[in-house]
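Asker: My structure is below; once you've seen it, I'll send some questions.
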Amino acid sequence: MNPAVEVPDLAPALPEIVLAVGALFLLMVGAFRGNGATGFISGLAVVLLAAAGVLIAMMPPGTATTFGGSFVVDDYARFFKVLALIGSATAIILSSEFMGEPERRRFEYPVLIVLATTGMLMLISAADLIALYLGFELMSLSLYVVAAIDRDRVRSTEAGLKYFVLGALSSGMLLYGASLIYGATGTVSFAGIAAAASEGGLPLTFGLVFLFAGLCFKVSAVPFHMWTPDVYEGAPTPVTAFFAAAPKVAAIAVFVRVSVTAFPTIVPQWQQIVVFVAIASMALGSFAAIGQHNIKRLMAYSSIGHMGFALIGLAAGTTEGVQGVIVYMTIYLAMTLGTFACIIAMRRDDGPVEEIKDLAGLARSKPGMAFFLAMMLFSLAGIPPLAGFFAKFYVFLAAVNAGLYTLAVIGVLTSVVGAYYYLLIIKTMYFDEPAPALAPMRFELSAVLTVTGLFVLLFFVYPAPLVDAAAAAAKSLY
Amino acid sequence: MIAAAFFYLFSGICIASAVMVIASRNPVHSVLFLILAFVNAAGLFILMGAEFLALILVVVYVGAVAVLFLFVVMMLDVDFAELRQGFMNYLPVGALVGIVLLCELLLVVGAWAIGPGIVRTVVLPIPPAETVTNTEALGLVLYTRYVYFFQASGLVLLVAMIGAIVLTLRHKPAVKRQNISDQLARKKAAIIEMHDVRPGQGL
């Protein structure tokens, strides 16, 4: 009497399955070998993430869906998945010193990062609201724990608790919005919502607002940014580097996918929300960062501002805009990882330092690091010919072509304001009286800094591969 | 007829024990009344033909949540009499909020109708209760069509478990643990000493 059970096609989800099974395996290794094996497990975790990346790269081109349409793999998903994997793997590499200290050695740290990455990949491939929520929860729960991983330090536990409480609140809003959307359309799949939502309606718009509120929290866009500076400052620096990179990429990816695939018929409804959020994020990111002394807090405001810039591309609501978002997030990832490699390297013999004034005179004690950090900061400010300029260029271009002139002008103005505090750091490094010298930079940090620095510096020479790949990825979404 | 009698029995006890949850002075009694309310609610579910929900309610809420409450109530030294002080002062506001909520609920339930567009978009129709029990119906889709969500939820729970262990478990070196292999490896010669005790002398 039972209907024939159809086994879902597992091939499109192979990278996620590999990561999940691999995380369980690493957990067993850790359980049997204890915290002493943390270094070994970190190495295996990086290998695992790289293997998932290879699997994604080897996937046949085109769009594949599985699990009853809940899971979709297209060019867009593959591009963002590779970005998220790069971000997570680099974050593990950047953490090797932090995790090397005997009292902090915890083998669960790389395992949790792998599980968070699994959540990110599920999120990027989500094609219905349940998959989106589960991906978010898997990612966020791991992030809450990782924020508090340095559990004997009050700041770290405070960051974890704050993140958890506010994150739970935002998940509640996201779920409430999802339930309203389900109530209005009777389906959770993005394609079904798009088909049922042709005429819009008040319940649907209401649900849309709550869903976007939850999404804005996850990408830390104003007005749901309040947690960001405290969590960034409180969490251990390598964890902050992780937070600023991969989860942001995944959250922006799903933000764009939800907006474009589930609500293509009611673009004006969500466009005004995204325009407001983008303007508010850019403005707050620029002005609030000016008064910061702590470089991690400054990076928090900087990332809020950058999310605002990335959302400009979404606000345009065109293929070109989505392409701009993809290019922006790629370059943002490189700039963030490079900058954090420098921030992690800010330590003296008695421990890490994180004030901007500790960088004073860095150009004299460490000219190489100062040069690359200056390039990163110039790029974050958006000064040509560095990569950050092109990131901003593509989203502004999309906004102008979509007729959003005000948004583009405000974007340019706020990026000028933002340039002030980036230049202030460069001035501190090059022209101020030297502070006591920092400890030598570890190999893996300088390797990450060099790779990202060269990418940022030389992007303008040959931007075609990235821009073309982004264009193909954006096209697969429409 | 019998079903109606059971309905009034279950709902009557359920409401009465719900009142006792907030009325009884002893918090342990409150939790026990809560368990009684859960069991009666499970009875109501069975009357509706939702036997899966009924058993889940007993297993999860009575078996886990209520027992957890009981532990918390017994382990924390909360003075409930003190917490209730000022209860009468807040009663008017509380009653007002309660009445507003009640009115809203009545309005919502009164005007509730399934939208005409929703029936069209239902992905999986509910099988008729005569042919498939609802446990079986859930099982048929849970492990096939929704296996992805099922596994993803499992991963989320795994992360929650890892998180709880990472953040709270501390190995204290001073604590002595049972080591079964050490216990089994002990030899008689190492632990038993034979003495020949003479009468009236002791050791």
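Asker: Taking only the Cα atoms of chain A, how large is their convex hull per residue, in Å³?
Answerer: Expressed per residue, the convex hull around the Cα atoms of chain A is 138 Å³.
Asker: Near residue B:176, which lysines are there with a Cα under 23 Å away, not counting those fewer than 8 places off in the same chain?
Answerer: Counting by Cα, and skipping residues close in sequence, residue B:176 has these lysines nearby: B:187, B:188.
Asker: Just to verify a number: what accessible area does residue A:359 come out at with the full protein assembly present, 1.4 Å probe, Å² rounded to tens?
Answerer: In the full protein context, residue A:359 sits at about 0 Å².
Asker: Can you give the accessible area of residue A:293 in Å² (nearest 10), computed on protein heavy atoms with a 1.4 Å probe?
Answerer: It works out to around 130 Å².
Asker: Which sequence of A:170, A:415 reflects their accessible areas, 1.4 Å probe, from the largest down?
Answerer: A:415, A:170
Asker: Of A:81/A:475; A:366/A:392; A:357/A:392; A:392/A:475; A:218/A:248; A:296/A:357, which sit over 18 Å apart, Cα to Cα?
Answerer: Long pairs (Cα-Cα over 18 Å): A:366/A:392; A:357/A:392; A:392/A:475.
Asker: Could you list log10 I(q)/I(0) for segment A:345-425 at q = 0.11, 0.25 Å⁻¹, which the Debye formula gives when each Cα is one point scatterer?
Answerer: Debye output, listed in q order: -0.41, -1.17.
Asker: Oh, and also: What whole-number value in Å² describes the accessible area per residue of chain B for a 1.4 Å probe?
Answerer: 79 Å²
Asker: Then there is this: Heavy atoms of the protein only, probe of 1.4 Å, neighbouring chains included. What is the accessible area of residue B:14 in Å², nearest 10?
Answerer: Probe radius 1.4 Å; accessible area of residue B:14 about 30 Å².
Asker: Averaged across B:159-172, how many Cβ atoms of other chains sit within 10 Å of each residue's Cβ atom?
Answerer: If you average over the peptide's residues, the count of other-chain Cβ atoms is 5.
Asker: What is the mean number of Cβ atoms from other protein chains located within 10 Å of the Cβ atom of each residue in peptide A:182-194, rounded to a whole number?
Answerer: 3
Asker: Just the number, please: buried accessible area between B and A, total of both chains, 1.4 angstrom probe, nearest 100 square angstrom.
Answerer: That pair of chains buries around 2600 Å² in total.
Asker: Given the -39500 (n - 2.57) contribution per DSSP H run of 4+ residues, what per-residue ellipticity at 222 nm results for chain A, rounded to the nearest 500 deg cm²/dmol?
Answerer: Only helices count here, giving -24500 deg cm²/dmol.
Asker: Further question on the same structure: Could you give me the ³J(HN,Hα) list for segment A:139-156, computed from phi with Karplus coefficients 6.51, -1.76, 1.60 and θ = phi - 60°, whole Hz, x at Gly and Pro?
Answerer: Karplus-based 3J(HN,Hα) across segment A:139-156 equals 5, 5, 4, 5, 5, 4, 5, 5, 5, 9, 5, 8, 6, 8, 9, 4, 4, 5 Hz.
Asker: Continuing with this model, one more query. Which percent of the accessible area of the protein assembly as shown is formed by carbon and sulfur heavy atoms (probe 1.4 angstrom)?
Answerer: 71 percent
Asker: Skipping prolines and chain starts, which residues have an amide H placed within reach, meaning under 5 Å, of the one on residue A:128, given they are 5 or more residues away or on another chain?
Answerer: Placed amide hydrogens put A:190 under 5 Å from residue A:128.
Asker: Let me ask another. Could you order A:150, B:196 so the one with the most accessible surface comes first? Probe is 1.4 Å.
Answerer: B:196, A:150
Asker: I'd like to check one number: the per residue accessible area of segment A:263-478, probe 1.4 Å, reported in Å² as a whole number.
Answerer: Result: 37 Å² per residue.
Asker: Just to be sure I follow the definition: excluding the sites themselves, where is the longest run in chain A that has none of the GluC sites (Glu not before Pro) in a DSSP loop with at most 11 other Cβ atoms within 10 Å?
Answerer: My reading of the result: A:200-478 is the longest stretch.
Asker: For peptide A:136-148, what's the mean number of Cβ atoms from other chains within 10 Å of each residue's Cβ?
Answerer: Across A:136-148, the average partner-chain Cβ count within 10 Å equals 4.
Asker: Take A:366, A:357, A:427 and sort them by solvent-accessible surface of the protein heavy atoms, 1.4 Å probe, largest at the top.
Answerer: A:357, A:427, A:366
Asker: Setting aside same-chain residues fewer than 8 positions from residue A:162, which aspartates and glutamates have a Cα under 15 Å from its Cα?
Answerer: Counting by Cα, and skipping residues close in sequence, residue A:162 has these aspartates and glutamates nearby: A:150, A:230, A:233.
The values are calculated or read from the model by the stated rules, or taken from the named source; none is laboratory data. All of these numbers come straight from a predicted model, not from anything done at the bench. Note that each Cβ is placed from the backbone with ideal geometry, even for glycine, and that neighbours are counted across all protein chains shown. Side chains are part of the model used for accessible areas, which takes the heavy atoms of the whole protein and leaves out ligands, DNA and RNA. Shrake-Rupley method; radii C 1.70, N 1.55, O 1.52, S 1.80 Å.
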